[in-house]
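For reference, the structure is listed below as structure tokens.
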2 protein chains.
Amino acid sequence: METTAVSLATSNIRESTPSLDIYRQLFDSILEQRLAPNTKLNEQDLAIVFGVSRTLIRQALQRLAAEQVVVMQKNRGAFVAAPDSVLAKQILEARELIEMAVIDLACGSLTSQTVQQLQLMIDMEQQALDFGDTGTALRRSGEFHLRLAEAAGNQPYVHMLRGLISQTSLIITMYGQGGNSCARDEHLNLLRALQQGDLASSRRLMSHHLGHVRTGCDFNRRVVNGNLATLLS
Amino acid sequence: METTAVSLATSNIRESTPSLDIYRQLFDSILEQRLAPNTKLNEQDLAIVFGVSRTLIRQALQRLAAEQVVVMQKNRGAFVAAPDSVLAKQILEARELIEMAVIDLACGSLTSQTVQQLQLMIDMEQQALDFGDTGTALRRSGEFHLRLAEAAGNQPYVHMLRGLISQTSLIITMYGQGGNSCARDEHLNLLRALQQGDLASSRRLMSHHLGHVRTGCDFNRRVVNGNLATLLS
DNA sequence: TGTTATAACATTGTATACAATATTGTATTT
DNA sequence: AAATACAATATTGTATACAATGTTATAACA
């Protein structure tokens with residue numbers, strides 16, 4: 001509750017272990033769209049990139065798989081997840097459920113310090129957008145939502161939402177058509193409504209906000225595959 | 001959707017790998033209360049018990065940790081999770097949220113085959129209860145709920161609920177005071193209401209059902225620790 | 001007796017070696 | 001040229017060895 005958010009990945013875990021660091025970097029790389037869906041994650045290559053043995057790489061990949069951000073196929077390896085349109089809609093539905101519950105808990109109960117933090121995160125997101133760095137903006141948008149869930153104070157909500165947010169990023173990468181960046185005002189308005197304890201408005205704003213994600217997607221779009229090279233840049 | 005449930009753990013994953021099997025056995029052992037909260041899970045001991053190297057044990061433990069069923073402490077090892085009363089209440093709250101959403105999806109849309117399966121699972125639970133095997137009954141109760149979520153057809157709900165159900169089992173182990181076995185009729189009545197498409201009744205029955213879990217708990221109870229020996233019996 | 005320092009031990013953390021499986025390329029056949 | 005069989009290669013799966021850390025027992029001291 002005290003420090004500013006570092007990474008969406010296990011943001012409430014302060015511990016630092018080598019495999020956790022690798023996990024976080026891969027996680028962020030996927031969220032920032034530097035690793036495309038379906039990208040094969042070769043263990044040996046990653047081991048070289050990160051300068052560790054395959055043991056630690058495998059730990060990180062297994063953690064990512066547990067969050068459904070990567071998929072592991074027996075004897076074939078790990079791939080960045082690529083939810084199909086059916087699953088994508090289910091993910092967005094589930095996310096709305098959790099986010100609404102978060103709103104109910106957070107509305108009117110945010111400390112001024114928390115509001116300040118959330119305000120800052122909105123600014124950071126906008127800053128990334130100004131730089132034209134949509135990947136970072138997307139990640140920071142997710143961090144805003146997650147920080148809000150932390151403020152709501154229900155740990156399982158945070159845990160579940162973390163997975164859903166990261167999968168939402170994958171969905172936007174796969175099916176998004178740009179124009180998902182109306183977020184600044186939406187986040188800002190939401191924060192105001194929450195601060196004022198206006199539950200009806202808060203719920204409506206969050207619902208619209210998530211609705212825009214869905215609206216901004218073309219679920220017929222065909223998906224392109226990526227490769228590991230982007231990690232080296 | 002076609003086969004009968006095997007284990008609450010990764011019930012939708014058909015693959016069989018050594019570490020998955022170990023994971024499932026540990027998972028069920030915890031759910032059936034044969035491994036008490038806070039029990040230290042020594043890697044070497046488990047490796048001997050399961051006749052494999054520590055490598056596979058670690059994989060299983062990490063998977064369990066991802067589902068919050070065990071907790072891993074750096075350089076100290078893995079322990080069966082022991083949610084405190086605050087977290088326990090949050091878990092039950094989150095579970096109610098998801099279960100209600102499942103009800104909304106499943107109500108009136110269950111196939112006769114699914115109803116049959118659920119009916120069977122209720123019977124199996126009762127059978128375990130008749131044998132006095134409350135551990136198995138508890139696990140089967142969880143399987144009933146999870147099977148229902150599968151029938152609802154939203155994959156993230158299933159995934160999230162799996163974690164919440166297993167944690168509920170831990171909560172019952174820690175804070176339950178017996179008397180949690182009114183489940184048979186409750187499951188039965190719920191199934192009838194769902195079958196008939198009676199949403200209001202379905203929601204009310206589920207809410208009461210989960211409420212009983214909470215009612216049956218004394219959150220002031222002090223918790224006893226266990227040890228690995230129970231796995232050998 | 002109680003406390004601290006230290007050594008012996010046990011356990012987890014990581015790298016590496018080898019086995020099992022999958023993938024790719026080449027040759028052979030039609 | 002297309003398809004198949006098979007060898008060569010690459011990749012993942014598992015066990016083991018060693019390093020790093022934590023725990024416990026012992027001994028010295030107050």
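Here are the numbers for this structure:
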{"quantity": "Scan of region B:72-82 for residues that are open to solvent by 10 Å² or more (accessible area, probe 1.4 Å) and either within 9 Å of another protein chain (Cβ to nearest Cβ) or within 13 Å of DNA strand D (Cβ to nearest atom) (or both), ordered by number", "calculated": "B:MET72, B:GLN73, B:LYS74, B:ASN75, B:ARG76, B:GLY77, B:PHE79"}
{"quantity": "Pairs, first closer than 11 Å to A:ASN38 by Cβ and free of Cβ contacts under 8 Å to residues at least 24 places away in the same chain in region A:65-82, second outside any loop (DSSP other than H, G, I, E, B) and not acidic (Asp, Glu), C-beta under 6 Å, six or more apart", "calculated": "A:VAL71/A:PHE79"}
{"quantity": "Members of region A:148-163 that are open to solvent by less than 10 Å² (accessible area, probe 1.4 Å) and under 16 Å from A:HIS187 (Cβ atoms)", "calculated": "A:LEU148, A:ALA149, A:LEU161"}
{"quantity": "Failed item in (1) at negative phi; (2) of a type outside the set (Asp, Glu); (3) within 14 Å of DNA strand C (Cβ to nearest atom), with A:GLY77 passing the rest", "calculated": "(1)"}
{"quantity": "Residues (of a type in the set (Val, Ile, Thr) and either touching a Pro at 6+ places or on another chain (Cβ under 9 Å) or open to solvent by 30 Å² or more (accessible area, probe 1.4 Å) (or both)) located in region A:20-71", "calculated": "A:ILE30, A:ILE48, A:VAL49, A:VAL52, A:THR55, A:VAL71"}
{"quantity": "Residue that is nearest to DNA strand C (Cβ to nearest atom), among those in region A:28-72 that are more than 23 Å from B:LEU56 (Cα to Cα) and either in the same structural domain as A:THR173 (by TED's automatic domain parsing) or part of a helix (DSSP H, G or I) (or both)", "calculated": "A:PHE50"}
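The values are calculated or read from the model by the stated rules, or taken from the named source; none is laboratory data. What you are looking at is a predicted structure, and each value in this text was computed from that prediction instead of being measured. Positions of Cβ are backbone-derived with ideal geometry, glycine not excepted, and every protein chain shown enters the neighbour counts. The accessibility values were calculated without ligands, DNA or RNA, using every heavy atom of the protein model including side chains. Shrake-Rupley method; radii C 1.70, N 1.55, O 1.52, S 1.80 Å.
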